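Q: This is the structure I want to talk about, given as C-alpha cells.
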Amino acid sequence: MKSFAGRRTGAVTSLAIETLLLAPFALLALLWLHAHGDSHFLADGWRSALLLASTGIVTATPLTFFAAAARRLPLSLLGMLQYLAPSLQFAIAVGVNHEAMSPSRWTGFILIWAALAVLSTDALRHQQRQRRLATANTGAA
C-alpha cells in the first residue's frame, strides 16, 4: 500500500495533505462558533475574512521554503540553526529590550547551552576519530 505522506513526500505535498486533513475540522469549528454567536470571522465583512484567511498563505510560504531547505542540509547544521533563532531572540530580549531574567530562566538557558557544548564536543571528537581511522585504513591498504 502506497502512503500519501512520509519522509520522501515533498514540502508542498505534505502541506497540501495536512491542509486537506485539517480543513474539515476547522470548518466545523467555525460553523460551531458562528452558531453560538462567538465567531468574529465575518464580523468585519468578507474583505476582512479574506485577509484573515490569506494569513495562512503568508505563514505557510516561509515554512515550505524551510522544509525544502532542511532536506538539503546536514542534520548537524540544521540542529545548530534550530538553536540560533531562539538564542537571537533571547539576545534581543535581554540586550535590546532589557527584559527581566529570573535566576530560573538563566539556569535553563545555561543548561541548554552547556548541553549543546557537550554535544558539539562529542560530535567533533567522533569526527576526528573517524578521520584518523580512515587515514589509518588507507595507509594500511
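Q: How far is helix 75-91 tilted, in degrees, relative to the longest principal axis of the Cα atoms in the chain, given as a value from 0 to 90 rounded to the nearest 10?
A: Compared with the principal axis, the helix lies near 60 degrees.
Q: For Phe90, project a label point 7 Å along Cα to C-beta. Then give me every residue of segment 99-125 with its amide nitrogen under 18 Å of that point.
A: So the set is 99-121.
Q: What's the angle, to the nearest 10 degrees (0 to 90), between helix 46-70's Cα axis and the longest principal axis of the chain?
A: So the inclination is approximately 10 degrees.
Q: Taking H as built 1.01 Å from N, whose amide H comes closer than 5 Å to the amide H of Ser39, not counting residues under 5 places away?
A: Here the answer is His34, since their amide H atoms fall under 5 Å of that of Ser39.
Q: Express the C-alpha Rg of segment 90-134 as a ratio against the empirical globular expectation 2.2 N^0.38 Å, rounded to two decimals.
A: On the way: Rg = 16.6 Å, N = 45, 2.2 N^0.38 = 9.3 Å.
Relative to the rule-of-thumb radius for its length, segment 90-134 sits at 1.78.
Q: Let me ask another. What is the distance, in nm, between label points placed 7 Å from the Cα along the Cα-to-Cβ direction at Ala26 and at Leu51?
A: 1.9 nm
Q: Give, in nm to one decimal, the length gained when the segment between Tyr83 and Val118 is fully stretched (0.36 nm per residue of separation minus the Cα-Cα distance). Write out the running numbers ahead of the final one.
A: On the way: separation 35, 0.36 × 35 = 12.60 nm, distance 1.43 nm.
Additional length available on full extension: 11.2 nm.
Q: Taking the Cα atoms only, what angle lies between the long axis of helix 11-35 and the longest principal axis of the chain, rounded to 10 degrees?
A: Approximately 30 degrees, to the nearest 10.
Q: Choose one of Ser54, Leu116, Leu88: the residue whose Cα lies farthest towards the positive end of the charge dipole of the chain (beta-carbon charges +1 Lys, Arg; -1 Asp, Glu; about the Cα centre).
A: So the residue we want is Leu116.
Q: I've got another one for you. Taking amide H positions as placed 1.01 Å from N in the peptide plane, with prolines and chain starts having none, which residues 5 or more places from Thr9, or on another chain, fall under 5 Å of its amide H?
A: It is none; the list stays empty.
Q: Tell me which label goes with the value of Cα extents along the principal axes in Å computed from the coordinates here: (i) 37, 33, 30; (ii) 76, 53, 22; (iii) 62, 28, 27.
A: Recomputing Cα extents along the principal axes in Å here gives the entry labelled (ii).
Q: Based on the alpha-carbon set only, what is the convex hull volume of segment 59-141 divided per residue, in Å³? Walk me through the numbers before you get to the answer.
A: Details: hull volume 9.9 nm³, N = 83.
Output value, Cα hull per residue: 119 Å³.
Q: Moving to a separate point now. For segment 1-134, what's the relative contact order in percent, using C-alpha pairs closer than 8 Å and at least 6 residues apart?
A: Numbers: 24 pairs, mean separation 21.7, N = 134.
Rounded, it is 16 percent for segment 1-134.
The numbers here are math on the coordinates, done by the rules we state, and not lab data. Computed from a predicted model, the values in this text were never measured in an experiment. We place every Cβ from the backbone using ideal geometry, glycine too, and count neighbours over all the protein chains shown.
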